[in-house]
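In what follows, a structure is listed as structure tokens, so that the remarks can point back to it.
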Amino acid sequence: MPPGPFISGDSRVVTLLNARSFHVLLDDSLVDKAGTLDGTYMPSLALFGGHRPLAFLDAADPHHATLKCVMIRLAAARMHHVAPSFGAAFTAMFDAVEIIGDDAAAKAYKWLVFQLHPLASKAVKPWFLEDLLLHTFRLPAFLVRRDYAELTAYFADVAAGVLDDTEKADPGAIPRDELLHNLVFLAIFNSYGGYMFFLPHLVKWLARGGPELHARLAGEVRGVVPADTGKAITLVAVEKMPLVKSVVWEALRMNPPVEFQYGRARRDTVVESHDAAYKVKKGEMLFGYQTLATRDEHVFKRGGEFVPDRFVACGDGERRRMLDHVVWSNGPETAVGNKQCPRKDMVVAVGRLMVAELFRRYDTFTATVEEMPVEPVVTFTSLTRAAAAGHGTGSVRA
Ligand code: HEM
């Protein structure tokens, strides 16, 4: 937790580290999530055009429901674009065998750093320098003002149609400016930020799975979608790939992309762990470290291991029981909660499409994995084309 007093008034938290106690954080009736997205401190509103983005609002705040309805409507309208767009982007990326960072990505990354630096760990060495530079003061928002203004101007332009439609559909519900800043937050923090963690971890686990897992995945994928069809794989097709689905859930279980969750106790309460119970006072900050909660061996056998077919090699009841504890979206895979990620199903679908596209195109691949403080860096070292069409080597950073 970032220490006080300049970043947060009170840096103390009650830490929840197993599957049972962690569930308190997912219960809207027990925790207040107003301003708790980043824990014990709230970034300056100057970083968001003066507005408080949706993810910082509590579910009981009426504004939360208004904004979330708009976000869900926008998402629903675009769901059918997901698979074709993903297919096209995937092919373009591997055709080029490289990802080119551009200016916009650098600006977006910088803006994220200004929000999240107090939570960074092992990013700067030695630790006392990191504490001084990243954990003691807020980096001043004016240093990123220009970059943010450029990002906002870009969104005002490309999302003008969306903003117009929303204003027409629900006049006066959300001021245009506030919606615009929410879209920026949605696109960069929620989406770009989320995938930046999720996809490299997914590729990391695939790389570690080795040729045997790759052969099983390729067999399953090509049983549904032949290797020589050029068409993008559809969401209906991936539904028929149980091992692909299992691998994606397992990656989300082993490495929930958002590792830290927070909420303030709404009232005096008792938090139950597997073997004890603790009193928590109203207003105390609860902090869950999800990576431990979802590896809890009381819930998952060999919880600390990546087991690719964990969600295939079991009955429906057992799968459902386990999925109740796969909570990367701020709620169970089996439910839809008020503060849960509204794009939960799409995120899982993109993960599945990624695995399916990869093993339709390639028999196997090798990669090196470097665990870094923010996300792992996965560098492909070889890619073996399906039907032994060619053996390529390249350096792709995932
Ligand atoms: C891999 C990608 C993603 C991950 C890992 C992810 C994860 C999460 C998590 C953990 C939360 C809850 C945060 C909290 O309160 O503690 C959340 C909320 C949210 N996510 Fe996602 N998300 C992803 C992609 C997306 C996308 C693509 C969108 C929309 C385009 C989106 C929109 C939102 C919104 C609006 C919220 C706030 C919900 C609320 O406060 O009620 N997310 N996401």
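Taken together, the values in this text are just the output of simple stated rules run on the coordinates, not laboratory data. Just so it is clear, the model here is predicted, and its values are computed rather than measured. With ideal geometry, Cβ positions are generated from the backbone for all residues, glycine too; neighbour counts draw on all protein chains shown.
Can you tell which of 379, 246, 353 lies farthest toward the positive end of the dipole of the chain, using +1 and -1 charges on the Cβ of basic and acidic side chains (Lys, Arg; Asp, Glu)?
In the chain, that residue is 246.
Kindly state, as a whole number, the per residue volume in cubic angstrom of the convex hull around the alpha carbon atoms of the range 253-398.
Per residue, the Cα convex hull of the range 253-398 comes to 149 Å³.
Quick one: which of 141-149, 239-247, 175-183 comes out on top by average Cβ neighbours within 10 Å, and what's the full order, highest first?
Ranking the peptides 141-149, 239-247, 175-183 by packing returns 239-247, 175-183, 141-149.
Take the residue pairs 301/339; 68/344; 204/245; 204/240 and return only those whose Cα atoms are more than 20 Å apart.
Violating the 20 Å limit, Cα to Cα: 301/339; 204/240.
Set the Förster radius R0 to 45 Å, insert the Cβ-Cβ distance between residue 29 and residue 370 as r into 1/(1 + (r/R0)^6), and round the FRET efficiency to 0.05.
For residue 29 and residue 370, the calculated efficiency is 0.60.
With contacts defined as alpha carbon pairs under 8 Å and 6 or more residues apart, what's the relative contact order of the chain in percent?
It rounds to 24 percent for the chain.
Just name one of 114, 300, 22: the one whose Cα is farthest towards the positive end of the charge dipole of the chain (beta-carbon charges, Lys/Arg +1, Asp/Glu -1).
Farthest towards the positive pole: 300.
Tell me, in nm to one decimal, what length is gained between residue 334 and residue 44 on full extension, where the rule is 0.36 nm per residue of separation less the Cα-Cα distance?
Here the answer is 100.9 nm.
Measuring from label point to label point, each 7 Å out along Cα→Cβ, what is the residue 137 to residue 309 span in nm?
5.8
Note down the nm distance, to one decimal, between modelled labels 7 Å out along Cα→Cβ at residue 228 and at residue 176.
Label at residue 228, label at residue 176, 5.4 nm between them.
Just subtract the alpha-carbon distance of residue 157 and residue 208 from 0.36 nm times their residue separation and send over the number in nm, one decimal.
14.1 nm
Quote the charge dipole size of the range 257-319 about the Cα centre in Debye, to the nearest 20; the model charges only the Cβ of Lys and Arg (+1) and of Asp and Glu (-1).
Approximately 400 debye in magnitude.
Please list, ordered by chain and number, the residues whose modelled amide H lies under 5 Å from the amide H of residue 362; skip anything fewer than 5 residues away on the same chain.
386
Tell me the volume per residue, in Å³, of the convex hull enclosing the alpha carbons of the chain.
Considering the Cα atoms of the chain, their hull volume per residue is 151 Å³.
So what is the orientation-averaged projected area of the range 1-75, using the convex hull of its C-alpha atoms, in nm²?
Averaged projected area of the range 1-75's Cα convex hull equals 6.6 nm².
When the Cα centres of the range 212-265 and the range 49-95 are compared, how far apart do they sit, in Å?
Answer, in whole Å: 21.
In debye, nearest 20, what is the charge dipole magnitude of the range 14-392 about its Cα centre with +1 on Lys and Arg Cβ and -1 on Asp and Glu Cβ, if you could check?
Dipole of the range 14-392, to the nearest 20 debye: 400 debye.
Tell me, in nm to one decimal, what length is gained between residue 239 and residue 65 on full extension, where the rule is 0.36 nm per residue of separation less the Cα-Cα distance?
Gain on extension, residue 239 to residue 65, equals 59.6 nm.
In the range 14-392, with Lys and Arg counted as +1 and Asp and Glu as -1 at Cβ, which of these residues, 40, 336, 278, has the Cα nearest the positive end of the dipole, that is, farthest along it?
278
Efficiency by 1/(1 + (r/R0)^6): what FRET value for residue 75 and residue 277, r their Cβ-Cβ distance, R0 = 41 Å, to the nearest 0.05?
That gives a FRET efficiency of 0.60.
In the range 6-26, whose amide N lies under 15 Å from the spot 7 Å out along Cα-to-Cβ of residue 266? List them in ranges.
Label zone hits: 24-26.
Could you run the Karplus curve 6.51 cos²θ - 1.76 cosθ + 1.60 with θ = phi - 60° over the range 145-156 and give me ³J(HN,Hα) per residue in whole Hz, x for Gly and Pro?
For the range 145-156, the Karplus-derived couplings read 4, 5, 4, 5, 4, 5, 5, 5, 4, 4, 5, 4 Hz, x marking Gly and Pro.
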